[in-house]
Amino acid sequence: QVQLVESGGGLVQAGGSLRLSCAASGLTFSTYVMGWFRQAPGKEREFVGAISRSGAYTYYADSVKGRFTVSRDNAKNTVYLQMVSAKPEDTGVYYCAADARIVTIQAGAPASWGQGTQVTVSS
């Protein structure tokens, strides 16, 4: 059974940085595309970024491009989301996701989801 456990969420001031982690188990990690999503209060969950199996390719939503970086460590079965220059509109619950295909993640329908971690950016 695939398990994705996010950590690293919390409160950060606008302009600050935060790094989220997602530890994966129950899957052959290096064969999965990994993604990050977020859901703000009263809004639908939205795609944030994703990374290919080897880490060679990354994909980002326009709203976070240049500020967020997705990376992975296949030896540790962990994917990361580095946030810099945080904005209040980045506030939300951040979810880790796993799927065999990038198109499925970008479509918002990955096979596996984590439970989420709260990120609050204060102005």
- Candidates S30, S71, S54, filtered to the one that is assigned to a loop (DSSP other than H, G, I, E, B), surrounded by fewer than 21 Cβ atoms within 10 Å (Cβ to Cβ) and over 9 Å from the mean Cα position of the chain (by Cα): S54
- Task: Exactly one condition in (1) surrounded by 15 or more Cβ atoms within 10 Å (Cβ to Cβ); (2) farther than 21 Å from R101 by Cβ is not met by L11; state its number.
- Result: (1)
- Item | Some residue of the range 43-54 being under 19 Å from F29 (Cβ atoms) and of a type in the set (A, V, I, L, M, F, W, C) | yes
- Item | Matching residues, the range 81-123, being in a loop (DSSP other than H, G, I, E, B) and of a type in the set (A, V, I, L, M, F, W, C) | V84, A86, A100, A107, A109, A111
- Consider only pairs whose beta carbons are under 9 Å apart and that are at least six residues apart or on different chains; among these, list those whose first residue lies in the range 64-76 and is on the phi > 0 side of the Ramachandran plot and whose second residue is in a strand (DSSP E or B). G66/Y60
- Query: Which residues, counting only those in the range 14-27, are surrounded by 14 or more Cβ atoms within 10 Å (Cβ to Cβ) and of a type in the set (S, T, N, Q)?
  - Reply: S21
- Query: Scanning the range 83-96 for residues that are more than 19 Å from Q106 (Cα to Cα) and touching a Leu at 6+ places or on another chain (Cβ under 9 Å), which turns out most open to solvent (accessible area, probe 1.4 Å)?
  - Reply: V84
- Task: Filter the range 59-68 for residues that are in a strand (DSSP E or B) and open to solvent by 60 Å² or more (accessible area, probe 1.4 Å) and give the result.
- Result: Y59
- Every residue from the range 36-51 that is in contact (Cβ under 8 Å) with a residue 40 or more places away in the chain, open to solvent by less than 60 Å² (accessible area, probe 1.4 Å) and not in a loop (DSSP other than H, G, I, E, B): W36, F37, R38, F47, V48, A50
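The values are calculated or read from the model by the stated rules, or taken from the named source; none is laboratory data. All values derive from a computational prediction rather than experimental measurement. Note that each Cβ is placed from the backbone with ideal geometry, even for glycine, and that neighbours are counted across all protein chains shown. Only protein heavy atoms, including side chains, enter the accessible area calculation; ligands, DNA and RNA are left aside. Shrake-Rupley method; radii C 1.70, N 1.55, O 1.52, S 1.80 Å.
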